[in-house]
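The values are calculated or read from the model by the stated rules, or taken from the named source; none is laboratory data. All of these numbers come straight from a predicted model, not from anything done at the bench. Cβ placement follows ideal geometry from the backbone for every residue including glycine, while neighbour counts extend to all protein chains displayed. We work out accessible area using only protein heavy atoms, side chains counted, and drop any ligands, DNA or RNA first. Shrake-Rupley method; radii C 1.70, N 1.55, O 1.52, S 1.80 Å.
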Protein chains: 2
Amino acid sequence: MEKLGYGWDTLHKKYPKLIYAAASGFGHTGPNSKDPAYDMVVQGMGGVMSITGNEGQPPARVGMSIGDIGAGLFTAVAVNAALVHRLKTGEATKVDIGMFDCQIALLENAVMRYTVEGEIPGPLGARHPTITPFQAFRTADGAIIIAAGNDGLFIKTCEALGRSDMATDPDYKTNALRQKHHGKLEREIEQVLKDHTTAHWLDVLAKAGVPGGPINNIKQALEHPQIAARNMLVEVPDGSGGTLKLAGNPIKMSAFEDPKTRRPAPDLDSDRDAILSYIGG
Amino acid sequence: MEKLGYGWDTLHKKYPKLIYAAASGFGHTGPNSKDPAYDMVVQGMGGVMSITGNEGQPPARVGMSIGDIGAGLFTAVAVNAALVHRLKTGEATKVDIGMFDCQIALLENAVMRYTVEGEIPGPLGARHPTITPFQAFRTADGAIIIAAGNDGLFIKTCEALGRSDMATDPDYKTNALRQKHHGKLEREIEQVLKDHTTAHWLDVLAKAGVPGGPINNIKQALEHPQIAARNMLVEVPDGSGGTLKLAGNPIKMSAFEDPKTRRPAPDLDSDRDAILSYIGG
């Protein structure tokens, strides 16, 4: 944008009210500011790939483009903050987002596990890094997630699985002990789960008040009744008689409608007159 | 919050200017609105675990808590939008965010790959779903990401690897053909890469202008010079003479300072007087 004459300094002088947001691979400062980047480049550099996937397996990226989308979300937060600031003070702001920076911000507990404990976190498959049992387990026909986030939920889990004895096993008395003995605990839990289907255990755990769920594929996720109830699949006429289905808007606000459809993408130049008239051209 | 008497209806009547943001597992409407959830539960239900990890391996979660953090980011976008709306109109808004909804919104191309093509996406290891070569490859001492996002970058990649002949191979002429023949292409590229280290190839690719990068672990990511230059590791006194290091703020705005330190977490009740005085208690 600088090379084309549309940098912040130029535009800010000409349009002092303009909010200017730039989302780039590495941001506009620092030794890497001119380097090219893509989603996967910052996923690899930012560390998330080193903590995703199964130990001893080839590297895995996050299945969604979290390098792109993470930066997009921080940019949206920032642009709205800049609008608030301008409404309050009249001052316009430049927003400078680096995709690589955003990866670091998203790592959360992995940063502190390294900076506080000095240990480099590795991939954990489907286990939670600091809570046990809080992970996927095999069932008779697939896998199930059991998320027993505290001692009370662990006791409920043991009871629901017909293994109240595990709740009093000294190896499992605290979360720290369950972390230490996670291999043994996994084997004991899967020994029970293997006799019935995921659907059976989901029902049993729900009745016991233990948070859990299936590992849905994309079809199952999109067909979940909650998705329709929340208008999370919207329709867009594709301009040639068909209809596309896209993800809806997860931001539900009482002051605004949440329409069930979206307008099709405009044709090239179809909004030229409106845009030129808006900017006074 | 409703049970405790702090629901939106009650508070909105008493404080008509209050912006009320609720982030819950499934949002405040729909059949699952009362269900408990955790990060891993919505990662499993929302489909991302079905497209993360390596084919034929046990399920893998996203190494960062994208179920929690994704919802947090959409909530931050929404709260700032509600502030803009209130500044413009005086009207306060309830924000209702469901973690499960946010997972669907984050899936991006995986939604359309299913709704348009009818194919259920699966895990792809470290490959991009629709671009080839755009993935991790093995080198002599580890792995490297090569992100050749278009035909021009593919040609540059072939030249940088000393395999210009691949650029004219009819099997690799377009991205669609490279997708089709990705196994063969991977083998040919890794055959070259295996003779040198990741560091060597990073240098070669950077000089050729091909986006790429290493797969850093958390230590390597945090020690990257760009992270210091961007103030992405900040210090917090821990209240007992030590210092914690946390991720910094990736939102860089020209109108605001980006401090290198943060205040320690307050002790229990240490801000009671200030809070009571602020709310008029």
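Out of the strands (runs of 3 or more DSSP E) lying entirely within the range B:188-281, which hold 1 or more residues that are in contact (Cβ under 8 Å) with a residue 24 or more places away in the chain and either of a type in the set (S, T, N, Q) or touching a Lys or Arg at 6+ places or on another chain (Cβ under 8 Å) (or both)?
So the answer is B:233-237.
Would you confirm whether any residue within the range B:61-68 is crowded, with 24+ Cβ neighbours inside 10 Å and more than 7 Å from chain A (Cβ to nearest Cβ)?
yes
Answer yes or no: is there a residue in the range A:251-258 that is modelled with pLDDT under 95 and of a type in the set (Asp, Glu).
The answer is no; no qualifying residue exists.
Under the condition of being more than 7 Å from chain B (Cβ to nearest Cβ) and touching a residue at least 40 places away in the same chain (Cβ under 8 Å), which residue from the range A:119-128 is nearest to residue B:41 (Cα to Cα)?
Out of the qualifying residues, it is A:127.
Return only the number of the condition from (1) under 23 Å from residue B:212 (Cβ atoms); (2) surrounded by fewer than 21 Cβ atoms within 10 Å (Cβ to Cβ); (3) facing chain B (nearest Cβ under 8 Å) that residue A:98 does not satisfy.
In the conditions (1) under 23 Å from residue B:212 (Cβ atoms); (2) surrounded by fewer than 21 Cβ atoms within 10 Å (Cβ to Cβ); (3) facing chain B (nearest Cβ under 8 Å), residue A:98 misses (2) alone.
Within the group A:47, A:72, A:30, A:53, which residue is closer than 27 Å to residue B:245 by Cβ and more than 8 Å from chain B (Cβ to nearest Cβ)?
A:72
Could you list, in sequence order, all residues of the range A:4-14 that are more than 8 Å from chain B (Cβ to nearest Cβ) and either assigned to a loop (DSSP other than H, G, I, E, B) or open to solvent by less than 70 Å² (accessible area, probe 1.4 Å) (or both)?
Scanning the range A:4-14 gives A:4, A:5, A:6, A:7, A:11, A:12.
So, of the residues in the range B:103-117 that are out of contact with any helix residue (DSSP H, G or I) (no Cβ under 9 Å at 6 or more places or on another chain) and not β-branched (Val, Ile, Thr), which turns out to be farthest from residue A:238 (Cα to Cα)?
The extreme case among them is B:109.
Those residues that are among the polar types (S, T, N, Q) and in contact with a Pro (Cβ under 7 Å, 6 or more places away or on another chain), I need them from the range A:106-147; list them, please.
A:109
Failed condition for residue A:235, given (1) of a type outside the set (Val, Ile, Thr); (2) within 25 Å of the chain's Cα centre (by Cα); (3) at pLDDT below 95; (4) over 21 Å from residue B:45 (Cα atoms), with all others met?
(3)
Of the residues that sit in the range B:240-275 and are of a type in the set (A, V, I, L, M, F, W, C) and open to solvent by less than 70 Å² (accessible area, probe 1.4 Å), which one is farthest from the chain's Cα centre (by Cα)?
The selected residue is B:274.
Taking the condition of being open to solvent by less than 40 Å² (accessible area, probe 1.4 Å) and in a loop (DSSP other than H, G, I, E, B), how many residues in the range A:15-42 meet it?
Final tally of qualifying residues: 8.
State the number of residues belonging to the range A:225-250 that are charged (D, E, K, R) and facing chain B (nearest Cβ under 8 Å).
Residues meeting the conditions: 2.
Quick test for you: out of A:165, A:171, pick the one residue that is assigned to a helix (DSSP H, G or I), over 25 Å from residue B:50 (Cβ atoms) and touching a Cys at 6+ places or on another chain (Cβ under 8 Å).
Just a single option satisfies the conditions, and that option is A:165.
Look through B:45, B:1 and report the one residue that is under 30 Å from residue B:218 (Cβ atoms) and either open to solvent by 50 Å² or more (accessible area, probe 1.4 Å) or within 27 Å of the chain's Cα centre (by Cα) (or both).
Answer to the selection: B:45.
Evaluate the following for residue A:222: is it open to solvent by 60 Å² or more (accessible area, probe 1.4 Å), within 14 Å of chain B (Cβ to nearest Cβ) and either within 25 Å of the chain's Cα centre (by Cα) or not aromatic (Phe, Trp, Tyr) (or both)?
It is false that residue A:222 is open to solvent by 60 Å² or more (accessible area, probe 1.4 Å), within 14 Å of chain B (Cβ to nearest Cβ) and either within 25 Å of the chain's Cα centre (by Cα) or not aromatic (Phe, Trp, Tyr) (or both).
Against the condition within 13 Å of chain A (Cβ to nearest Cβ) and loosely packed, with under 11 Cβ neighbours inside 10 Å, how does residue B:207 come out, does it pass?
yes
Can you tell me which residues in the range B:134-151 are of a type in the set (D, E, K, R) and surrounded by fewer than 16 Cβ atoms within 10 Å (Cβ to Cβ)?
Within the range B:134-151, B:141, B:151 qualify.
Return the pair list, or none, for Cβ contacts closer than 6 Å from residues in the range A:89-118 that are at pLDDT below 95 to residues that are among the aromatic types (Phe, Trp, Tyr), at least 6 apart or on different chains.
none
Kindly establish whether residue B:154 is touching a residue at least 12 places away in the same chain (Cβ under 8 Å), buried (at least 16 other Cβ atoms within 10 Å of the Cβ), of a type outside the set (A, V, I, L, M) and more than 9 Å from chain A (Cβ to nearest Cβ).
yes
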